[in-house]
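Heads up, the thing below is written out as structure tokens.
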Amino acid sequence: MNTPTHLIAAFAVLARPQSPRRNLAVVAGALAPDVWIYVFFTWAQFFTAYSMEEIWRDVYWTQPWQFFGAISNSAPVALALAMIAAWRKSELLSAFAFALLIHAALDFPVHADDAHRHFWPLTDWRFISPVSYWDADHHGTLGALIEAAVFFAAAIVLWRRFPARWARGTLAACLPLYAVAMAGAMIVFSG
């Protein structure tokens, strides 16, 4: 799924109105699995001579990029962090770890040829889903609709949970931006 969906879904499950530090930990955990991809793309696009096709077809699958993807999308790593959080009684580390798990759980069923190694370091196995959140060759429209449903369901939860004007204003501003981005992505990736 796309990063904004991971963020809003984790926030809907884990964020609390009177817990700003916890909420920041949720944001960090929801974003952490995708940070490497932004670093990778920035490096490949602006500091190398690779074409866009070479970036995604070849370079993406090399080290250290695949290692960063494996560790940041690993359910065992997130569970280990959750156990450490329980042992240390750390609400912030717990929120971070569970946001990581939510991210992995949302990605698992909608990554086809670009699947992550969600059970690394126990195995390098990848679940190749028949449904992709973006790839038209793997029911990308269905994947995008599933993602949109998750996004808007999370938005409804957050609207109810966070009644402050600034929170609802931020959410209201994000909704049309998300809708435009999703419509654009569906046009680009559908053919």
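The values are calculated or read from the model by the stated rules, or taken from the named source; none is laboratory data. In this text the structure is predicted, and so the values were computed from the model without any measurement. Here Cβ is always computed from backbone atoms with ideal geometry, including for glycine, and neighbour counts include all displayed protein chains. When the accessible area is computed, the model is the full protein with side chains, heavy atoms only, and any ligands, DNA or RNA have been set aside. Shrake-Rupley method; radii C 1.70, N 1.55, O 1.52, S 1.80 Å.
Conditions tested, residue by residue: (1) open to solvent by less than 40 Å² (accessible area, probe 1.4 Å); (2) on the phi > 0 side of the Ramachandran plot; (3) at pLDDT 90 or above; (4) not hydrophobic (A, V, I, L, M, F, W, C).
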site	(1), (2), (3), (4)
Ala97	yes, no, yes, no
His111	yes, no, yes, yes
Arg117	yes, no, yes, yes
Asp124	no, no, yes, yes
Ala149	no, no, yes, no
Pro163	no, no, yes, yes
Leu171	yes, no, no, no
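Going by the structure shown, is Tyr60 farther than 16 Å from Leu101 by Cα and either of a type in the set (A, V, I, L, M, F, W, C) or open to solvent by 70 Å² or more (accessible area, probe 1.4 Å) (or both)?
Criteria not met by Tyr60.
Answer with yes or no whether Leu142 is assigned to a helix (DSSP H, G or I) and open to solvent by 50 Å² or more (accessible area, probe 1.4 Å).
Considered against the rule, which asks whether it is assigned to a helix (DSSP H, G or I) and open to solvent by 50 Å² or more (accessible area, probe 1.4 Å), Leu142 comes out as yes.
Going by the conditions given, is Val157 touching a residue at least 12 places away in the same chain (Cβ under 8 Å) and either aromatic (Phe, Trp, Tyr) or open to solvent by 40 Å² or more (accessible area, probe 1.4 Å) (or both)?
yes
Consider Ala104 carefully, then state whether it is modelled with pLDDT of 95 or more, open to solvent by less than 30 Å² (accessible area, probe 1.4 Å) and within 15 Å of the chain's Cα centre (by Cα).
yes
Taking the stated definitions as given, is Ala136 open to solvent by 20 Å² or more (accessible area, probe 1.4 Å) and aliphatic (A, V, I, L, M)?
The answer is yes for Ala136.
Yes or no: Leu31 open to solvent by less than 70 Å² (accessible area, probe 1.4 Å), within 22 Å of Ala115 (Cβ to Cβ) and not acidic (Asp, Glu)?
yes
With respect to Ala15, determine if the residue is over 11 Å from the mean Cα position of the chain (by Cα) and exposed (fewer than 12 other Cβ atoms within 10 Å of the Cβ).
It is false that Ala15 is over 11 Å from the mean Cα position of the chain (by Cα) and exposed (fewer than 12 other Cβ atoms within 10 Å of the Cβ).
Ser129 is checked against (1) open to solvent by 80 Å² or more (accessible area, probe 1.4 Å); (2) outside any helix (DSSP H, G or I); (3) of a type in the set (Ser, Thr, Tyr) and fails just one. What number does that condition carry?
Answer for Ser129: the failing condition is (1).
Can Asn73 be described as closer than 29 Å to Leu145 by Cα and in contact with a helix residue (DSSP H, G or I) (Cβ under 6 Å, 6 or more places away or on another chain)?
It is true that Asn73 is closer than 29 Å to Leu145 by Cα and in contact with a helix residue (DSSP H, G or I) (Cβ under 6 Å, 6 or more places away or on another chain).
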